[in-house]
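A short write-up of the structure that comes next.
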Amino acid sequence: MVLYPNYVTLHRRSRLPRFLPSEDEEARIERFQQYLRIQTAHPNPDYAGAVSFLSTQARSIGLETLTIEFKPGKPVLILTWTGSDPSLPSLLLNSHIDSVPADPAHWIHPPFSAYRDSDGRIFARGAQDDKSIAIQYLEALRNLKARGFSPLRSIHVSLVPDEEIGGSDGNEKFVASEKFRMLNVGFVLDEGQASLTDEFRVFYADRLPWSLIVNAVGAPGHGSKMHDSSAVENLMECVETVARFREIQFDLVKAGIRAGSEVISVNPVYLKAGTPTPTGFVMNLQPSEAEAGFDVRLPPTESVDFLRKRIEEEWAPISRNMTYQLIQKGPNRDVTGRPLVTATDATNPWWSVFTQAISASGGKLGKPEILSSTTDARFMRQIGIPTLGFSPMSNTPILLHDHNEFLKDTVFLKGIKVYENLISDLSSFHS
Ligand code: ZN
């Protein structure tokens, strides 16, 4: 489309003037930008810099701070506001400090500049995932302190390392620690995702990642000979069967019967076979081994036994000289053997307080969802603590891990108000 200068001028003139932030709001945005400017991307996140910044902020608000390293150089920062009845289960607000890398070549503003454009868009790696919520938690707590609010239940904030690389030296160790047990956590809010509409999204479960590796063997042979059950032929059979299963799952999504995160996704990620030469492959030899790798994501509502049975009987049957490895990338059942799902009905008293607080803040909530990827929330759910994934970002493109990740200043400020309602209600309720 050609944009004529006149059109641009008219378009600009007809636009509503941007809001003018107060001095106080401007200071909050500035603190968000300061945090975004700390280089927290892998492979060398500046955890010390981030923890020092966040601790200073927390102390200025009047929160207690504690830094623990379960692994040297991987600090977990815990902030606490003790409630008037600390014997009651507490509220925990979790956020990871680290970010995925960003290639500046693909960004219109440097990814650690936190540049704010004339539309109020703040560009930075971590603007959505998930440095926004850390500062929103802090700013909401700052407001509550200033208002003279006194929580009944203790409120904790945990700022953890390594979520983006699996969390094994971060939240996994923290949740398994004596310190975590001492916090007596009753309910957790963790990161969610942006929403394209004016409804906030909320996640009650994560899909669980698995790696499936299928190995096929067969008689080697001359390239000219057709014979049954060669390794590659066996593997092709496997790939075709998996493709049919994938299509059925995908059709459910395309027909709108299930959300993308509610089906088992299976995607081939590599195929390995052949006898290499310096310039290519031996062409007149059928190899005796072949291998395929698949990324499998299982909603917690589906059973692992069902998947194993499928693999054993249809995808990689031993009768066709195939073996497989199914590698679990995290827990899929809690300590009592139940799926890692947080109830979003009357059985979970925190849920109704959560939903009421959202409406009281003027926000709308979409239908609870399963997250198609994974977060640190799974470690809390594994020990049976109700945990919701929630980031108050409505009318915002979903840019986590993407180039030009940004969050608008107005959305950021509105989120602080939402958390103020959430934190005051969740920390005050008597069960
Ligand atoms: Zn994240």
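Exactly one of these conditions fails for GLU314: (1) part of a strand (DSSP E or B); (2) in contact (Cβ under 8 Å) with a residue 60 or more places away in the chain; (3) open to solvent by 70 Å² or more (accessible area, probe 1.4 Å). Give me its number.
Answer for GLU314: the failing condition is (1).
Which of the numbered conditions does VAL2 fail, given that it passes all the others? Conditions: (1) open to solvent by 70 Å² or more (accessible area, probe 1.4 Å); (2) at pLDDT 95 or above; (3) aliphatic (A, V, I, L, M).
(2)
Quick one: is SER177 polar (S, T, N, Q), within 16 Å of the ligand (Cβ to nearest atom) and surrounded by fewer than 23 Cβ atoms within 10 Å (Cβ to Cβ)? Lay out the reasoning, then the answer.
Values: polar (S, T, N, Q): yes; within 16 Å of the ligand (Cβ to nearest atom): no; surrounded by fewer than 23 Cβ atoms within 10 Å (Cβ to Cβ): yes.
Criteria not met by SER177.
Looking at THR347, THR355, THR375, can you tell me which residue is part of a loop (DSSP other than H, G, I, E, B) and either in contact with a strand residue (DSSP E or B) (Cβ under 7 Å, 6 or more places away or on another chain) or within 16 Å of the ligand (Cβ to nearest atom) (or both)?
Values: THR347 fails: either in contact with a strand residue (DSSP E or B) (Cβ under 7 Å, 6 or more places away or on another chain) or within 16 Å of the ligand (Cβ to nearest atom) (or both); THR355 fails: part of a loop (DSSP other than H, G, I, E, B).
THR375 is the lone residue from the list that is part of a loop (DSSP other than H, G, I, E, B) and either in contact with a strand residue (DSSP E or B) (Cβ under 7 Å, 6 or more places away or on another chain) or within 16 Å of the ligand (Cβ to nearest atom) (or both).
In region 238-261, which residues are modelled with pLDDT under 95 and either touching a His at 6+ places or on another chain (Cβ under 6 Å) or in a helix (DSSP H, G or I) (or both)?
Scanning region 238-261 gives GLY260, SER261.
If only one of ARG246, ARG258 is open to solvent by less than 100 Å² (accessible area, probe 1.4 Å), more than 28 Å from PRO220 (Cβ to Cβ) and touching a residue at least 12 places away in the same chain (Cβ under 8 Å), which one is it? Break it down stepwise before answering.
Values: ARG258 fails: touching a residue at least 12 places away in the same chain (Cβ under 8 Å).
After applying the criteria, what remains is ARG246.
Just to be sure I understand the filter: pairs with C-beta atoms under 6 Å, separated by 6 or more residues or on different chains, first member in region 219-242 and in the same structural domain as GLU291 (by TED's automatic domain parsing), second member of a type in the set (Asp, Glu) and surrounded by 16 or more Cβ atoms within 10 Å (Cβ to Cβ). Which pairs pass?
Final answer for the pair search is ALA231/GLU289.
Does any residue in region 400-414 that is at positive phi and of a type outside the set (Ser, Thr, Tyr) come within less than 7 Å, Cβ to Cβ, of a residue that is more than 16 Å from the ligand (Cβ to nearest atom) and open to solvent by less than 40 Å² (accessible area, probe 1.4 Å) six or more places away or on a different chain, and which pairs are these?
As it stands, the answer is ASN404/TRP107; ASN404/PHE123, since those pairs meet every condition given.
Which pairs turn up if I take residues in region 31-50 that are polar (S, T, N, Q) and look for partners that are assigned to a helix (DSSP H, G or I) and surrounded by fewer than 16 Cβ atoms within 10 Å (Cβ to Cβ) with beta carbon separation below 9 Å, at least 6 apart in sequence or on another chain?
So the pair list comes out as GLN39/GLY49; THR40/GLY49.
What do you reckon, is SER288 surrounded by 13 or more Cβ atoms within 10 Å (Cβ to Cβ) and either assigned by TED's automatic domain parsing to the domain that holds GLU369 or over 32 Å from the mean Cα position of the chain (by Cα) (or both)?
Values: surrounded by 13 or more Cβ atoms within 10 Å (Cβ to Cβ): yes; either assigned by TED's automatic domain parsing to the domain that holds GLU369 or over 32 Å from the mean Cα position of the chain (by Cα) (or both): yes.
Criteria met by SER288.
For the structure I just gave you, tell me whether THR323 is assigned to a strand (DSSP E or B) and modelled with pLDDT of 95 or more. Working first, answer last.
Numbers: assigned to a strand (DSSP E or B): yes; modelled with pLDDT of 95 or more: yes.
Criteria met by THR323.
Is there a residue in region 328-342 that is at positive phi and touching a Ser or Thr at 6+ places or on another chain (Cβ under 7 Å)? Steps first, answer last, please.
Residues of region 328-342 that are at positive phi, as a first pass: 330, 337.
Then keep just the ones that are touching a Ser or Thr at 6+ places or on another chain (Cβ under 7 Å); that gives 330.
Yes: region 328-342 contains one or more residues that are at positive phi and touching a Ser or Thr at 6+ places or on another chain (Cβ under 7 Å).
Among SER211, SER230, SER168, SER154, which is polar (S, T, N, Q), away from the ligand (no atom under 16 Å from the Cβ), surrounded by fewer than 20 Cβ atoms within 10 Å (Cβ to Cβ) and farther than 22 Å from GLY415 by Cβ? It would help to see each step written out before you state the result.
Values: SER230 fails: surrounded by fewer than 20 Cβ atoms within 10 Å (Cβ to Cβ); SER168 fails: away from the ligand (no atom under 16 Å from the Cβ); SER154 fails: surrounded by fewer than 20 Cβ atoms within 10 Å (Cβ to Cβ).
Residue meeting the stated conditions: SER211.
Which members of region 384-431 meet the condition of being outside any helix (DSSP H, G or I), of a type in the set (Val, Ile, Thr) and surrounded by fewer than 18 Cβ atoms within 10 Å (Cβ to Cβ)? Walk me through how you get there before you give the answer.
Within region 384-431, the first condition is being outside any helix (DSSP H, G or I), and the residues that meet it are 384-408, 427-431.
Remaining after also requiring of a type in the set (Val, Ile, Thr): 385, 387, 396, 398.
Within region 384-431, just ILE398 meets the criteria.
The values are calculated or read from the model by the stated rules, or taken from the named source; none is laboratory data. Note that the structure is predicted; figures quoted are calculated from it, not measured. Using ideal geometry, Cβ is built from the backbone for each residue, glycine included, and neighbour counts are taken over all protein chains shown. Keep in mind that these areas ignore ligands, DNA and RNA; they rest on the heavy atoms of the full protein, side chains included. Shrake-Rupley method; radii C 1.70, N 1.55, O 1.52, S 1.80 Å.
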